[in-house]
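Contents: one structure, followed by commentary.
The values are calculated or read from the model by the stated rules, or taken from the named source; none is laboratory data. Quantities reported herein were computed from a predicted structural model and do not represent experimental measurements. Cβ sites come from the backbone with ideal geometry, for glycine too, and all protein chains shown count toward neighbours. Just the protein is used for accessible areas: all its heavy atoms, side chains included, with ligands, DNA and RNA removed. Shrake-Rupley method; radii C 1.70, N 1.55, O 1.52, S 1.80 Å.
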Amino acid sequence: MTSTILPTVPAIRRGFRLQFEPAQGCHVLLYPEGMIKLNDSAGEILQLIDGRRSVADIIAELETRYPDVAELGDDVQQFIEVAHAQFWIELR
């Protein structure tokens with residue numbers, strides 16, 4: 001995984017909204033054409049994407065919450081790269 005993504009600051013793309021959907025029992029990402037049902041990990045990561053925290057800050061926060069999860073940083077970077085490729089988030 002490339003470390004060049006670490007200093008970037010992700011933000012949820014305009015027109016998308018993250019919310020917990022009780023009917024689905026999970027977080028979802030809403031956008032004008034539909035909804036993306038997120039697994040628990042994706043929901044945790046996207047909740048920390050606020051347009052102010054860098055990817056490195058998000059990883060540090062999650063490593064504090066989940067100290068026993070191996071390769072957490074790599075998994076977060078991979079998710080952020082996929083979310084960016086899917087146009088769910090922007091990287092600044």
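Computed quantities for the displayed model
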quantity: Rounded to the nearest 10 Å², the accessible area of VAL69 at probe 1.4 Å; calculated: 80 Å²
quantity: Inter-label distance, nm, simple model (7 Å from Cα along the C-beta direction), SER3/GLU61; calculated: 2.3 nm
quantity: Descending semi-axes in Å of the stretch 52-92, equivalent ellipsoid built from Cα gyration tensor; calculated: 20, 12, 6
quantity: Accessible area expressed per residue, the chain, with surrounding protein chains retained (probe 1.4 Å, Å²); calculated: 61 Å²
quantity: Loop chymotrypsin sites (Phe, Trp or Tyr not before Pro), the stretch 1-90 (other Cβ atoms within 10 Å of the site Cβ: 11 or fewer; DSSP); calculated: PHE87
quantity: Gaussian network model of the chain, Cα within-10 Å springs - most flexible of GLU44, GLU21, GLU63; calculated: GLU21
quantity: Mean shadow area of the chain over all directions, Cα convex hull, nm²; calculated: 5.9 nm²
quantity: Surface share of carbon and sulfur [accessible, 1.4 angstrom probe, percent] for the chain; calculated: 49 percent
quantity: Value of relative contact order over the chain, rounded to a whole percent, pairs C-alpha under 8 Å and six or more apart; calculated: 37 percent
